[in-house]
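Structure first, commentary second.
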Amino acid sequence: MTKRIFVFGMLIGLGAIFIDLLLSYTPDSALNQTARYYAERTATDLGAANIVAAVIVTYRGLDTLGEVTVLFLTAAILVMVLYRDHGIGINKIPNRFLPPTGEMLGTGSRLLVPLILLMGVYLFANGHLTPGGGFQGGAIIASAVLLLLLTNPNQTFNLQLFSLTESISGIGFVVIGVLGMFFAGGFLDNRIFPIGQLGELFSAGAIPVIYTLIGLKVGAEFSSILVHLSEEKEES
């Protein structure tokens, strides 16, 4: 009872704080100096029509590198925990005694998975032009793997391919960042490639390449996590 009262009091306190913030909030009448620079200079300096993409990949590139590193560490820790606690060998395929997938679900997944993959690729390949990007595109690609697992639990995947894709994408991301230090203005500077014509697919320098690498890396990491979780559930 005491625990419930404490939790309820905490919720009331947090609610009061957020209500006070909401009532006292006044939007800025103008952009601050940093935001104004991004709004005015992104298209000219980087050739990216999507300002958010330019901020994430170039202006805030080190932070993005940290985020993909966290995803890699999460996947690695999950795999190590499963191997330690459940004894799943690297090349061992768990015994699966699950009923076969219905024809309707199987056919539907085969039709939808290519479209989902195409949508994911579109999002990170056009992230410099429209809302989207590597993280969103990678998550959508992983959702195709999730759909296959849901409709056919007996589905097997090449985990080594996921690992290879993740590794190559991560190394490529860092290599492009280092090249920016030598051939442009700094780490992850997208101007190692021509910025092209604003609004065209082949524009914004290296941003489309960076977003493609991020999309593949995130997609491979999330897919690997889903597959390992599925195998762990079947073993337990």
- Going through (1) more than 21 Å from Ile56 (Cβ to Cβ); (2) over 19 Å from the mean Cα position of the chain (by Cα); (3) in contact (Cβ under 8 Å) with a residue 40 or more places away in the chain one by one, Leu198 fails only at (1)
- Message: I'd like to know if region 185-197 contains one or more residues that are buried (at least 23 other Cβ atoms within 10 Å of the Cβ) and under 19 Å from Ile116 (Cβ atoms).
- Response: no
- Message: in a helix (DSSP H, G or I), surrounded by 14 or more Cβ atoms within 10 Å (Cβ to Cβ) and among the aromatic types (Phe, Trp, Tyr): is that true of Phe72 in this structure?
- Response: yes
- Task: Kindly list, by first and then second residue, each pair from a residue in region 53-79 that is touching a residue at least 40 places away in the same chain (Cβ under 8 Å) and farther than 17 Å from Leu216 by Cα to a residue that is among the aliphatic types (A, V, I, L, M) and surrounded by fewer than 16 Cβ atoms within 10 Å (Cβ to Cβ), limited to pairs with Cβ atoms under 8 Å and residues at least 6 apart or on different chains.
- Result: Leu78/Leu229
- Selection within region 46-69 - in a helix (DSSP H, G or I) and within 18 Å of Pro131 (Cα to Cα): Leu46, Ile51, Val52, Ala53, Ala54, Val55, Ile56, Val57, Thr58, Tyr59, Gly61, Thr64
- Scan of region 21-37 for residues that are within 27 Å of Ala54 (Cβ to Cβ) and of a type outside the set (A, V, I, L, M), ordered by number: Pro27, Asp28, Ser29, Asn32, Gln33, Thr34, Arg36, Tyr37
- in contact with an Asp or Glu (Cβ under 9 Å, 6 or more places away or on another chain) and either part of a helix (DSSP H, G or I) or modelled with pLDDT under 90 (or both), is that true of Ala43? no
- Note on the structure: Condition set of a type in the set (Gly, Ala, Ser) and in contact with a Pro (Cβ under 9 Å, 6 or more places away or on another chain), scope region 155-210, selection nearest to Glu67 (Cα to Cα): answer is Gly205
- Here the residues within region 180-234 that are among the hydroxyl-bearing types (Ser, Thr, Tyr) and within 19 Å of Gly47 (Cα to Cα) are Ser203, Tyr211, Thr212
- Looking at (1) over 22 Å from the mean Cα position of the chain (by Cα); (2) modelled with pLDDT under 90; (3) surrounded by fewer than 14 Cβ atoms within 10 Å (Cβ to Cβ), which is the one condition that is false for Glu232? (3)
- Message: Taking the conditions exactly as written (among the small types (Gly, Ala, Ser), buried (at least 22 other Cβ atoms within 10 Å of the Cβ), under 16 Å from Leu62 (Cα atoms) and out of contact with any Pro (no Cβ under 6 Å at 6 or more places or on another chain)), does Ala220 satisfy them or not?
- Response: no
- Do we find a residue being loosely packed, with under 14 Cβ neighbours inside 10 Å, at pLDDT 90 or above and over 23 Å from Glu200 (Cβ atoms) anywhere in region 55-64? no
- Query: Can you spot a residue in region 2-21 that is part of a helix (DSSP H, G or I) and surrounded by 11 or more Cβ atoms within 10 Å (Cβ to Cβ)?
  - Reply: no
- Note on the structure: Picked from region 103-141 (must be surrounded by fewer than 20 Cβ atoms within 10 Å (Cβ to Cβ) and touching a Gly at 6+ places or on another chain (Cβ under 7 Å)), the residue farthest from Ile225 (Cα to Cα) is Leu129
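The values are calculated or read from the model by the stated rules, or taken from the named source; none is laboratory data. Nothing here was measured: the structure is a model prediction, and the numbers come from that model. Quick reminder, even Gly has a Cβ in these numbers, built from the backbone with ideal geometry, and neighbours come from all protein chains shown.
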